[in-house]
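The values are calculated or read from the model by the stated rules, or taken from the named source; none is laboratory data. The structure displayed is predicted, hence computed values, not measured ones. Glycine gets a Cβ as well: all are built from the backbone with ideal geometry, and neighbour counts include every protein chain shown.
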Amino acid sequence: MQKAHDRDDTVFEPTGRRPRPIIATNREQLTVKPTNIKNPEYFHKVIDCQFACPAHTAVPEYIRLILHEQYTDAYLLNWHSNVFPGILGRVCDRPCEPACRRGRVEEDPVAICRLKRVAADHRDDVLPLLPPVPRGKNGKRVALVGAGPASLTVARDLALLGYELDLYDDQSKAGGFIRSQIPSFRLPEEVIDTEMGYILDRGGITTRFNTYVADLQDLIEQGYDAIFVGTGAPRGRDLPDLPGRSEADKFVHIGIDWLAGVVFRHVESISRRVLVLGGGNTAMDCCRTARRLGGEDVTVVVRSPQSEMKASEWEIEDAMAEDIPIIDNHVPLEFVVDDGILVGMRFDRVEPQYDKNGRRRLVSTGEEPVFLPCDEVLLAIGQQNAFPFIAPDSAIEFNDKGLPVLDPNTLQSSVPSVFFGGDAAFGPGNIIIAVEHGHQAAISIDLFCRGEDLHRRPAPAVSLADQKLGFHDWIYDSQVIEDGRQVVPTVDKAKSLHDRLIEVELGFPSTVGKTEAKRCLNCDVQTVFDYSLCIECDACVDICPTTCINFTDNGEEDELRERLLVPARNKTQDLYVSETLPTGRVMVKDEDVCLHCGMCAERCPTAAWTMVKFVYQSALAGDS
Amino acid sequence: MSYTRPTFRHPEAHKNQLGYTRTAYEGSISTLCAGCGHDSIVNSIITAFFEMSIEPHRIVKLSGIGCSSKTPAYFLNRSHGFNSVHGRMPSVATGANMANRELIYLGVSGDGDTASIGMGQFTHVVRRNLDMVYIVMNNGCYGLTKGQDSATADKGSKSRKGAPVALESIDLCELALGLGAGFVARGFSGDKKQLVPMLKAAIAHKGLAFVDVVSPCVTFNNAPTSTKSYSWVREHMEITNTFDFIPLRQEITTDYPHGSSIPVTLHDGSMISLYKREDKEIITNRQEAINALEQARSASQVLTGILFLNPDSSDFHDINNTITTPLNRLGEKELCPGNDILQAFNDSLR
Ligand SMILES: Cc1cc2nc3c(=O)[nH]c(=O)nc-3n(C[C@H](O)[C@H](O)[C@H](O)COP(=O)(O)OP(=O)(O)OC[C@H]3O[C@@H](n4cnc5c(N)ncnc54)[C@H](O)[C@@H]3O)c2cc1C
Ligand SMILES: Cc1ncc(C[n+]2csc(CCOP(=O)(O)OP(=O)(O)O)c2C)c(N)n1
Ligand code: SF4
Ligand code: SF4
Ligand SMILES: [Mg+2]
């Protein structure tokens, strides 16, 4: 694949990573300037899923590989960009799916995440296919603190470049929160072990497990060329001031500590009646785990309305499917302890009220407090960052939120050789964000160790491939199928509630996976318009199923958007505007609900429209 | 090659007064050549009926033979249809219209279908002023049989094959005017802004509304030397008048300056509002319309717009004083009124 700025014919201009505003309105004439499709970020943005993915995984390309049963290739494509395809194919927060175009033309988006798992489930042995870790080292040593996804990504990227890496973690195995927090019924341990192995067992990395870095200064003084801090956000919030808290202490657990206890088998059971406080994904993992450890009557209690809970929709659905009621609009008042034994909790019933800025306040309804009986309570009300291993007088600066002061693009701290990423950088996020931080930190560390400017980031690799195959045939599968989102089969509920180690989801069988893969609209196959060939016959306008294409007078963008055949009101989606045509009009395509079906190109008599596959691959450390 | 069109539509697609989206007015995927002007006319027909909120089941589409005559398969899948033999659409339309005057008749023909084999049928259906819209998709050639020059090809025009047309051409609009048509218009497939309101006015008109639409044949007759090509028409198109079609009961909101608009009320109460030029004479004066067409022809221009309109024309039913009820709704009592009435009728003929 060619590098963006190697190309002299400037098919693409290098732009760095951040998308630039693509449509510039020309003030004098109040018309929209022709779209610059040479800017790689224009077409990148059209690929909604890839654009939304923090690591910019080439989603439609791997889905296409799955359609052609090239599971191993699909896996490797993922591995290149997101490092943990088997893990993420199960537990990714999947920002791609709400962004998926399919969700704008029918009910549900493509099951992008679960298709990733299909690639992982059906792949052959990839170990021999992974890029080799060079034997000769480049002489640079980097320390990584914490063995979560952020550090591991840095480790993978830099090991491939010949760095010598020391990985420190206070746990006995790698994975960070992936291992200690995410329950096995969502993510089996073997999957974690295998993918950690792809990074750690191939040389270049010295692991120092069961080693807590008590003072970062010690590492700095060891003369590492750079240090990466990926220690996560390890402290679970408590309710220290709630009446009864200390009396109830034996029966109250911090959610993340309790979950880690379960994973490491310090906790084997829980009482019959459990209250889980909190509305995020941690709460969902706590309540579902409690159901498996003997909790028969498990209830989630949230302060806010259910519709505003932080947990992903699918996590809430899964919990409710396991007979876990969610009680919303209840603010905890006290732990009720009788004779040294927790008997329940009292809550104040509240209502959300919104001020004119949309800010929410929870206001008491004034009703009698509600008493909910219980035997144990799990607190899943958020996490905090903590850096006890960085001395207050350290040269590493922190902001008023207790987070390190970082350059948001390079992740460099106030000590030039120290970089942060993952939850430790900007507070609790998710795995895929941690991975992307890892990539960026690896790029920065590599530039730093080579004495180069950290702000001159490597450009993405892009390529274009015409999809025409003879007369009106396409290389890609242009047909748009109507099937709805396929359902992932699961293990029988009674069986899975019996054993926390049984994975609930079974993954798509390959035939179902292929049907799901066909639902993808191939948003990377771009509609490319050459205005110099257009005879304005309107054939594309007439055929386009979703009324994307217009020939109209140019104008100021907002006004132009309203004037289209169907007004283009989704402003997160760009307009593709051509140069002025012989009739004085311009072609305006609203990218919003284009099906990438290629009908416009099929019906165009002059090939003014072509379907061109645009591959965009984010740069990794070592790329130029 | 796609043999079906994806069924997904824009989630915010407009709905008409009946609550339908355009989908209710669509047909099967076109099998015409990519870029054919006929496809654009199809789309304008869909838009016109959709925007006028006419129920598809009230429409009858009829055609002869030709690429143009194939197009009823590509629109109004839920309407009645009849694909007749070459040039015979007018007789089928006449029969159907006589039997049921409550439906809306849309005849689709080509320049070959109309100006050659169907010429006799065409002239008589115009003379009779049958209440229908008669569209000719005029590409100056026999597209379906591989592009032979048709009778509307202009003298001197050169198709892809390169030989100039030797014969005089027939101007179907002029002919229709001469035959007393009450609505004569000419459009261009590449100008939907004009074509859609033109079709709406034709649909609202009572009596025969003749619409000649220049429609380039991209495969056989789109050479720049052809007077029916996209580029030639764009360069030589002269617009006689610009107008809005204002359906019945809709407030007139168009904001061109007062005085420059000339309203013409159609029989159903809807209106055409002409503006931009003071061409009042032309639109309701047959003589002026013929002059304008002749002038444009000598200046090598394609005159488009509504060329002539007689809002008070009487259609074939009026002329023949036929019964208002469709025949299929007449019961035995009306059809066999009894011996007394028969005797009286016979006596009247003695
Ligand atoms: C209950 C729960 C469920 C979650 N589920 C999901 C999910 O389904 N999907 C998802 O995408 N995200 C999920 N997350 C979030 C996700 O786990 C984290 O965002 C992610 O793991 C952060 O990665 P990281 O590399 O920054 O650090 P972490 O994964 O937190 O790893 C940090 C590691 O550093 C070690 N460490 C800390 N300090 C030191 C020190 N001084 N010396 C040595 N070692 C140290 C820690 O012990 C830990 O092993 C979940 C989080 C929780 C709490
Ligand atoms: C009775 C009869 N004679 C001749 C033909 C052959 N034929 C089929 S289509 C056609 C001409 C069609 O020309 P036109 O109406 O202009 O349609 P176009 O294809 O150009 O749209 C002819 C001569 C026929 N089908 N039937
Ligand atoms: S349809 Fe396919 S390519 Fe388009 S956003 Fe969804 S998954 Fe991505
Ligand atoms: S590919 Fe072309 S025809 Fe298909 S939806 Fe997009 S613009 Fe419309
Ligand atoms: Mg023809």
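If I ask for residues that are in a loop (DSSP other than H, G, I, E, B) and within 13 Å of another protein chain (Cβ to nearest Cβ), which ones from the range A:597-624 would you list?
Step one: of the range A:597-624, the residues in a loop (DSSP other than H, G, I, E, B) are A:597-598, A:604-608, A:618-624.
Residues satisfying the conditions are A:C597, A:G598, A:C604, A:P605, A:T606, A:A607, A:A608.
Please pick out the residue among B:G66, B:G37 that is away from ligand 1 (no atom under 16 Å from the Cβ), among the small types (G, A, S) and away from every other protein chain (no Cβ under 12 Å).
Details: B:G37 fails: away from every other protein chain (no Cβ under 12 Å).
Within the list B:G66, B:G37, the selection yields B:G66.
Checking the conditions here, which among B:A181, B:A185, B:A201 is of a type in the set (G, A, S) and assigned to a helix (DSSP H, G or I)? Don't jump to the end; show me each part of the working.
Numbers: B:A181 fails: assigned to a helix (DSSP H, G or I); B:A185 fails: assigned to a helix (DSSP H, G or I).
One residue alone meets the criteria, B:A201.
Consider B:I45 carefully, then state whether it is more than 8 Å from chain A (Cβ to nearest Cβ) and part of a loop (DSSP other than H, G, I, E, B).
On the way: more than 8 Å from chain A (Cβ to nearest Cβ): yes; part of a loop (DSSP other than H, G, I, E, B): no.
Against the criterion (more than 8 Å from chain A (Cβ to nearest Cβ) and part of a loop (DSSP other than H, G, I, E, B)), B:I45 does not qualify.
Can you find, within the range A:559-575, the residue that is farthest from A:V105 (Cα to Cα) among those that are of a type outside the set (A, V, I, L, M, F, W, C) and part of a helix (DSSP H, G or I)?
Residues of the range A:559-575 that are of a type outside the set (A, V, I, L, M, F, W, C), as a first pass: A:559, A:561-563, A:567, A:569-574.
Restricting the remaining residues to those that are part of a helix (DSSP H, G or I) gives A:559, A:561-563.
On the way: A:E559: 24, A:R561: 19, A:E562: 20, A:R563: 21 Å.
Only one residue fits best here, namely A:E559.
Among the residues of the range A:469-507, how many are out of contact with any Pro (no Cβ under 7 Å at 6 or more places or on another chain), part of a loop (DSSP other than H, G, I, E, B) and within 23 Å of A:R104 (Cβ to Cβ)?
Applying the first criterion (out of contact with any Pro (no Cβ under 7 Å at 6 or more places or on another chain)) to the range A:469-507 yields A:469-479, A:481-499, A:501-502, A:504-505, A:507.
From what is left, the residues that are part of a loop (DSSP other than H, G, I, E, B) are A:469-473, A:475-479, A:481-489, A:491-492, A:499, A:501-502, A:504, A:507.
Subsequent filtering for residues that are within 23 Å of A:R104 (Cβ to Cβ) retains A:476-479, A:481-488.
Number satisfying all stated conditions: 12.
From the list B:H14, B:H86, exactly one residue is within 16 Å of ligand 2 (Cβ to nearest atom), surrounded by fewer than 18 Cβ atoms within 10 Å (Cβ to Cβ) and free of Cβ contacts under 8 Å to residues at least 40 places away in the same chain. Which is it?
Working: B:H14 fails: within 16 Å of ligand 2 (Cβ to nearest atom).
Unique residue meeting the criteria: B:H86.
Take the residues of the range A:576-596 that are in contact with a helix residue (DSSP H, G or I) (Cβ under 7 Å, 6 or more places away or on another chain) and outside any loop (DSSP other than H, G, I, E, B): which is farthest from ligand 5 (Cβ to nearest atom)?
Filtering first and then ranking leaves A:V588.
Out of the range A:71-98, which residues are in contact with a Gly (Cβ under 9 Å, 6 or more places away or on another chain) and within 16 Å of ligand 1 (Cβ to nearest atom)?
If the condition is that a residue be in contact with a Gly (Cβ under 9 Å, 6 or more places away or on another chain) and within 16 Å of ligand 1 (Cβ to nearest atom), then A:N78, A:V83, A:I87, A:G89, A:R90, A:D93, A:E97 are the ones that fit.
Hey, can you tell me all the residues within the range A:479-520 that are more than 30 Å from A:A260 (Cβ to Cβ) and more than 25 Å from the chain's Cα centre (by Cα)?
Residues satisfying the conditions are A:Q479, A:V480, A:I481, A:E482, A:D483, A:T511.
How do the strands (runs of 3 or more DSSP E) wholly within the range A:290-385 filter down when requiring 3 or more residues that are surrounded by fewer than 21 Cβ atoms within 10 Å (Cβ to Cβ) and touching a strand residue (DSSP E or B) at 6+ places or on another chain (Cβ under 8 Å): which remain?
By residue number, A:330-338, A:341-354, A:360-364, A:370-373.
Does B:M132 count as crowded, with 24+ Cβ neighbours inside 10 Å and away from ligand 5 (no atom under 15 Å from the Cβ)?
Details: crowded, with 24+ Cβ neighbours inside 10 Å: yes; away from ligand 5 (no atom under 15 Å from the Cβ): yes.
Yes.
Please name all residue pairs, on different chains or six or more residues apart, with Cβ atoms under 6 Å, provided the first residue is in the range A:93-107 and is on the phi > 0 side of the Ramachandran plot and the second residue is part of a helix (DSSP H, G or I) and away from ligand 2 (no atom under 16 Å from the Cβ).
A:R94/A:C113
Taking the criterion of being at pLDDT 95 or above and part of a helix (DSSP H, G or I), would at least one residue in the range A:236-249 satisfy it?
Within the range A:236-249, one or more residues are at pLDDT 95 or above and part of a helix (DSSP H, G or I).
Out of the residues in the range B:6-25 meeting the condition of being part of a loop (DSSP other than H, G, I, E, B) and charged (D, E, K, R), tell me which one is farthest from the other protein chains (Cβ to nearest Cβ). Walk me through it before giving the result.
Here is the first cut: in the range B:6-25, the residues part of a loop (DSSP other than H, G, I, E, B) are B:6-21.
Subset that is charged (D, E, K, R): B:9, B:12, B:15.
On the way: B:R9: 6, B:E12: 6, B:K15: 11 Å.
The extreme case among them is B:K15.
Here's a check for you: in the range A:563-607, which residue that is among the charged types (D, E, K, R), over 34 Å from the mean Cα position of the chain (by Cα) and within 12 Å of ligand 4 (Cβ to nearest atom) is surrounded by the fewest Cβ atoms within 10 Å (Cβ to Cβ)? Reasoning before the result, please.
Taking the range A:563-607 and keeping what is among the charged types (D, E, K, R), we get A:563, A:569, A:571, A:574, A:579, A:585, A:589-592, A:602-603.
If we keep only those that are over 34 Å from the mean Cα position of the chain (by Cα) too, we end up with A:563, A:579, A:585, A:602-603.
Now drop any that are not within 12 Å of ligand 4 (Cβ to nearest atom), which leaves A:602-603.
Working: A:E602: 22, A:R603: 26.
Among residues in the range A:563-607 that are among the charged types (D, E, K, R), over 34 Å from the mean Cα position of the chain (by Cα) and within 12 Å of ligand 4 (Cβ to nearest atom), the one surrounded by the fewest Cβ atoms within 10 Å (Cβ to Cβ) is A:E602.
Of the conditions (1) touching a residue at least 40 places away in the same chain (Cβ under 8 Å); (2) within 14 Å of chain B (Cβ to nearest Cβ), A:A568 satisfies every one except a single condition; which number is it?
(1)
If I go through the range A:475-491 residue by residue, how many of them are closer than 18 Å to A:C600 by Cβ and within 9 Å of another protein chain (Cβ to nearest Cβ)? Write out each step before concluding.
First, the residues of the range A:475-491 that are closer than 18 Å to A:C600 by Cβ: A:475-480.
With the extra rule that they be within 9 Å of another protein chain (Cβ to nearest Cβ), the set shrinks to A:478-480.
Of the residues in that region, 3 qualify.
So which residues in the range A:173-203 are at pLDDT 95 or above, among the small types (G, A, S) and more than 21 Å from the chain's Cα centre (by Cα), if there are any at all?
Passing the criteria: only A:G197.
A:E221 - would you say it is free of Cβ contacts under 8 Å to residues at least 12 places away in the same chain and either basic (K, R) or within 28 Å of A:P392 (Cα to Cα) (or both)? Working first, answer last.
Details: free of Cβ contacts under 8 Å to residues at least 12 places away in the same chain: yes; either basic (K, R) or within 28 Å of A:P392 (Cα to Cα) (or both): yes.
Yes.
With respect to B:L195, determine if the residue is more than 16 Å from ligand 4 (Cβ to nearest atom), of a type in the set (A, V, I, L, M, F, W, C) and closer than 18 Å to B:S40 by Cα. Talk me through it step by step, then tell me what you get.
On the way: more than 16 Å from ligand 4 (Cβ to nearest atom): yes; of a type in the set (A, V, I, L, M, F, W, C): yes; closer than 18 Å to B:S40 by Cα: yes.
When the stated conditions are applied, B:L195 passes them.
Output the residue which, of all residues in the range A:529-546 that are outside any helix (DSSP H, G or I) and touching a Leu at 6+ places or on another chain (Cβ under 7 Å), is farthest from the other protein chains (Cβ to nearest Cβ).
Going residue by residue through the range A:529-546, those that are outside any helix (DSSP H, G or I) are A:529-530, A:534-538, A:544-546.
Next cut, touching a Leu at 6+ places or on another chain (Cβ under 7 Å) only: A:534, A:536, A:545-546.
On the way: A:C534: 10, A:E536: 6, A:P545: 5, A:T546: 5 Å.
Result: A:C534.
Only helices (runs of 4 or more DSSP H) wholly contained in the range A:26-81 count here; list those with 2 or more residues that are farther than 29 Å from A:R123 by Cα and either within 16 Å of ligand 2 (Cβ to nearest atom) or in contact (Cβ under 8 Å) with a residue 40 or more places away in the chain (or both). Lay out the reasoning, then the answer.
Working: elements: A:40-46, A:48-52, A:59-67.
Filter on the range A:26-81 gives A:40-46.
Looking at the range A:391-399, is at least one residue closer than 15 Å to A:V229 by Cα, surrounded by 14 or more Cβ atoms within 10 Å (Cβ to Cβ) and either in contact (Cβ under 8 Å) with a residue 12 or more places away in the chain or not assigned by TED's automatic domain parsing to the domain that holds A:Q217 (or both)?
Let us first name the residues in the range A:391-399 that are closer than 15 Å to A:V229 by Cα, namely A:391, A:394-398.
Retained after the next criterion (residues that are surrounded by 14 or more Cβ atoms within 10 Å (Cβ to Cβ)): A:394, A:396, A:398.
If we keep only those that are either in contact (Cβ under 8 Å) with a residue 12 or more places away in the chain or not assigned by TED's automatic domain parsing to the domain that holds A:Q217 (or both) as well, we get A:394, A:396.
The answer is yes, given that some residue of the range A:391-399 is closer than 15 Å to A:V229 by Cα, surrounded by 14 or more Cβ atoms within 10 Å (Cβ to Cβ) and either in contact (Cβ under 8 Å) with a residue 12 or more places away in the chain or not assigned by TED's automatic domain parsing to the domain that holds A:Q217 (or both).
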